[in-house]
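Here's the structure we're looking at; comments come further down.
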Amino acid sequence: MGPAAYQIFVVADDGLTSEGIKVGDMVAAHRGQAKEGDVVVVEVAKTGPIVRLYYPRPGNRVQLRPAHPELKPMVVSRRAIHSLWIATHVRAS
């Protein structure tokens with residue numbers, strides 16, 4: 001049996017509150033190729049899954065941008081991403 005087509009994640013931080021995604025909300029996501037501006041659930045070395053906006057950058061890098069004024073974007077190598085899921089639905093907690 002292969003990996004699940006969809007995964008449910010519970011949002012653990014305020015990274016996308018201005019997008020209407022809050023702590024405790026559930027995000028349904030699927031594997032795929034993210035496009036610029038997609039809401040993604042991503043796991044990077046030394047972090048649990050986080051929900052961010054996806055922005056490709058030159059040199060095989062990605063910017064994971066929060067939509068919260070007090071949080072800073074992360075720029076990481078694509079190789080540092082352990083898993084990436086594209087959000088398709090959010091259910092408020």
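The values are calculated or read from the model by the stated rules, or taken from the named source; none is laboratory data. Bear in mind the structure is a predicted one, so any value in this text is a computation, not a measurement. Cβ atoms come from the backbone with ideal geometry, glycine included; neighbour counts cover every protein chain shown. Quick note on the areas: whole protein, heavy atoms, side chains included, nothing else; ligands and nucleic acids left out. Shrake-Rupley method; radii C 1.70, N 1.55, O 1.52, S 1.80 Å.
When H68, H82 are checked against the criterion of being open to solvent by 50 Å² or more (accessible area, probe 1.4 Å) and not aliphatic (A, V, I, L, M), a single residue qualifies: H82. Filtering segment 1-29 to residues that are part of a strand (DSSP E or B) and open to solvent by 50 Å² or more (accessible area, probe 1.4 Å) leaves Y6, Q7, I8, V10, M26.
Step by step: first the residues of segment 30-65, then only those that are more than 13 Å from the chain's Cα centre (by Cα) and part of a loop (DSSP other than H, G, I, E, B), then the one that is surrounded by the fewest Cβ atoms within 10 Å (Cβ to Cβ). Which residue is that? The qualifying residue surrounded by the fewest Cβ atoms within 10 Å (Cβ to Cβ) is P58.
Using the structure shown, decide if V76 is surrounded by 12 or more Cβ atoms within 10 Å (Cβ to Cβ), in contact with a Phe, Trp or Tyr (Cβ under 9 Å, 6 or more places away or on another chain) and among the hydrophobic types (A, V, I, L, M, F, W, C). Can you show your working first?
On the way: surrounded by 12 or more Cβ atoms within 10 Å (Cβ to Cβ): yes; in contact with a Phe, Trp or Tyr (Cβ under 9 Å, 6 or more places away or on another chain): no; among the hydrophobic types (A, V, I, L, M, F, W, C): yes.
For V76, the condition - surrounded by 12 or more Cβ atoms within 10 Å (Cβ to Cβ), in contact with a Phe, Trp or Tyr (Cβ under 9 Å, 6 or more places away or on another chain) and among the hydrophobic types (A, V, I, L, M, F, W, C) - is not met.
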